[in-house]
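**Student:** Below is one structure. I have some questions about it.
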Amino acid sequence: MKIKPAKRIEKIKPYFFADLEKKIINLENIGMDIIRLDMGSPDLPPENFIIEALASAAKRSDMHGYGQSGGSHSLRGAFAQYYKTRFNVELEIEKEVLGLIGSKEGLFNLSQVLVDPGDIVLVPDPCYPVYSVGAMVAQAKMYNMPLLAENGFLPDFTKIPEDVARKAKLMWLNYPNNPTGAVAPLSFFEEAVRFAGTYNILIAHDAPYVDVCFDNYIAPSILQVENAKDVAVEFNSLSKTYNMAGWRVGVAVGNQDIIKLLRIYKSQMDSSHFKPIMAAAENALLGDQSWLNDRNNVYQHRRDIVIETLRDVGFTLDTPKASLYVWAKIPKKFKDSIQFCNHLLNATGVSITPGVVYGKSGAGYIRISLVINADRLSEAMRRLKLWIKESA
Ligand SMILES: Cc1ncc(COP(=O)(O)O)c(C=O)c1O
């Protein structure tokens, strides 16, 4: 039988990292020592009290049935408490908070519940790929908002043509940003909320790196803007904040109508988290937060190792104040960042991500993840430096 995929998904390509994985396995099979600075999966574990909360909940006999779709009341309450403590934002637990099985699920599903074929979705370029893939499956038209170095990698709303803005239904934003590491001041979110209000556009702000900050920087939530809930939903996640990427705990907060749509959709799609994971997630959100400072200092030290080397060998970059990434323009003598990353991997075993994977404005850039210990990172930088000098 010849299987013909649905038209909706015909254009979906395998996730870049799935293909990279195959290439890396082949190189490892021929004995190469690979250092992976490509994906953004935290290498450090969550604090012990969180793991202990999981273990003790897992020992209880009443914790093994289905959990409540969209997260237990107490997990949603813990997210609401976190928003109050961290951002001074009040959330109604029943109407404005929805637990997600990792935020990626909600990011993808948002387009499915909101967007009809032909609707316009405003997508940053470069961006985390799920925004555009979700829109593509919903058969939306995408309008790219370039994130350029000269604008601090913030979209310029004044460049969006009036007719596009009028027809747009959804706009994606993400700060602290993946892949650029850029941050946005609250005044930018104020401007975004005004723009969305004028044109009746829903803002989806994706904020998983909001607590991965350096140099004493504190990132804001879009919900701190007055009346933001009228036009915005924010996605957040335990993956990066608490080093819990594999646990799959995220949240959507904000606009009640959107939360309701996502809740109904989810109730038909999944059967929630493992209850002990929800119990441990509550502990992460409500327990001691001081360890995050030490963890951020670890990333900051790694960041400094990377930026020092990159600047030394001719890359152009800003020092990121947040996120897990260094985003840098490759030296002029290299023309293409895909070729650059391929050659670097084959010659040295150091795997980094070409910027163009995140959109055409990422051409000429690379992204380096900070999710490996300082010794291995220094070794990767040593190899990169040597290779660049040799290829001069
Ligand atoms: C910008 C951005 N949003 C969302 C996610 C996914 O997070 P989660 O693990 O909560 O699905 C990632 C993961 O790398 C990301 O970089």
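**Student:** Quick check: from the Cα gyration tensor, does segment 159-212 come out rounded (a/c under 1.5), prolate or oblate?
**Tutor:** Since a/c reaches 1.5 and a/b is larger than b/c, the shape of segment 159-212 is classed as prolate.
**Student:** Further question: With the Cα gyration tensor of segment 1-72 in hand, give its eigenvalues times 5 under a square root as the equivalent ellipsoid semi-axes, listed largest first in whole angstrom.
**Tutor:** 35, 27, 12
**Student:** OK, next. Sorted from largest to smallest, which semi-axis lengths in Å does the alpha carbon gyration tensor of the chain give for its equivalent ellipsoid, taking the root of 5 times each eigenvalue?
**Tutor:** Its equivalent ellipsoid spans semi-axes of 32, 26, 22 Å.
**Student:** Same structure, new question: Along the three principal axes, how long is segment 171-250 when you take its alpha carbons, biggest first, rounded to the nearest angstrom?
**Tutor:** The principal-axis extents, from largest down, are 38, 28, 21 Å.
**Student:** I want the antiparallel fraction of DSSP beta bridges within the chain, as a percent rounded to 5.
**Tutor:** The antiparallel fraction comes to roughly 50 percent.
**Student:** Rounded to whole Å and ordered largest first, report the semi-axes of the equivalent ellipsoid of segment 60-200 derived from its Cα gyration tensor (root of 5λ).
**Tutor:** Output for segment 60-200: semi-axes of 30, 19, 15 Å.
**Student:** I'd like the trypsin sites (Lys or Arg not before Pro) in segment 323-392 restricted to DSSP loop residues with at most 14 other Cβ atoms within 10 Å, sorted by number.
**Tutor:** 332, 333, 335
**Student:** With only Lys, Arg, Asp and Glu charged, each at its Cβ (+1 for the first two, -1 for the last two), find how big the charge dipole of segment 185-282 is about the Cα centre; round to the nearest 20 debye.
**Tutor:** Computed about the Cα centre, the dipole is about 460 debye.
**Student:** How many percent of DSSP beta bridges within segment 196-288 run antiparallel, rounded to 5?
**Tutor:** 55 percent
**Student:** With point charges of +1 on the Cβ of Lys and Arg and -1 on the Cβ of Asp and Glu, referenced to the Cα centre of the chain, which listed residue (3, 207, 131) lies farthest in the positive direction of the dipole?
**Tutor:** 3
**Student:** Which of the listed residues, 305, 242, 269, is farthest toward the dipole's positive end in segment 240-305, when Lys, Arg count +1 and Asp, Glu count -1 at the beta-carbon?
**Tutor:** 269
**Student:** When the chain is treated as a GNM, springs tying every alpha-carbon pair under 10 Å, which of 299, 175, 66 comes out with the largest mean-square fluctuation?
**Tutor:** Of 299, 175, 66, the Gaussian network model singles out 66 as fluctuating most.
**Student:** Quick one: if you stick a label point 7 Å off each Cα along the C-beta vector at residue 141 and residue 386, how many nm between them?
**Tutor:** 5.3 nm
**Student:** Where a Cα-Cα gap under 15 Å defines reach, which aspartates and glutamates qualify for residue 23, not counting those fewer than 8 residues away within the same chain?
**Tutor:** By straight Cα distance, residue 23 reaches 33, 38.
**Student:** In segment 131-160, which chymotrypsin sites (Phe, Trp or Tyr not before Pro) fall in coil by DSSP and have 10 or fewer other Cβ atoms within 10 Å?
**Tutor:** Hits after loop and neighbour filter: nothing returned.
**Student:** Under unit Cβ charges (Lys, Arg +1; Asp, Glu -1), what dipole magnitude, rounded to 20 debye, does the chain have relative to its Cα centre?
**Tutor:** Result for the chain is approximately 1220 debye, rounded to the nearest 20.
**Student:** Can I ask one more? Counting each pair of different Cα atoms once, what's the Kirkwood radius of segment 162-308 in Å, rounded to one decimal?
**Tutor:** 17.0 Å
**Student:** What range in the chain is the longest one free of GluC sites (Glu not before Pro) that are in a loop by DSSP and have at most 10 other Cβ atoms within 10 angstrom?
**Tutor:** 11-225
**Student:** Based on DSSP H runs of at least 4 residues, each adding -39500 (n - 2.57), what is the mean residue ellipticity at 222 nm of the chain after dividing by all its residues, to the nearest 500 deg cm²/dmol?
**Tutor:** Taken over the chain, the calculation gives -13000 deg cm²/dmol.
**Student:** For the chain, calculate the relative contact order in percent as a whole number, restricting contacts to Cα pairs under 8 Å that are 6 or more residues apart.
**Tutor:** Over the chain, the number comes to 23 percent.
**Student:** So which of 11/266; 104/329; 4/104 end up more than 30 Å apart by C-alpha?
**Tutor:** Pairs exceeding the cut-off: none.
**Student:** Rg/Rh for segment 246-293: what does it come to with C-alpha atoms and Rh from Kirkwood?
**Tutor:** Across segment 246-293, the Cα-based Rg/Rh ratio is 1.06.
**Student:** For residue 167, give me every one of the lysines with a C-alpha distance below 22 angstrom, ignoring sequence neighbours fewer than eight places off in its own chain.
**Tutor:** Straight-distance partners of residue 167: 141, 159, 229.
**Student:** When you take every Cα atom in segment 255-392, what is the radius of gyration, and what is Dmax, the widest Cα pair distance, in Å?
**Tutor:** Here Rg and the maximum Cα pair distance are 20.1, 58 Å.
**Student:** Next question, about the same structure. If you place +1 on the Cβ of every Lys and Arg and -1 on the Cβ of every Asp and Glu, how big does the dipole about the Cα centre of segment 1-88 come out, in debye to the nearest 20?
**Tutor:** Value, rounded to 20: 760 debye.
We did not get these values from a lab; they are worked out from the coordinates using the rules stated. Computed from a predicted structure; not experimentally measured. Neighbour counts are summed over all protein chains in view; Cβ atoms, including those assigned to glycine, are modelled from backbone coordinates with ideal geometry.
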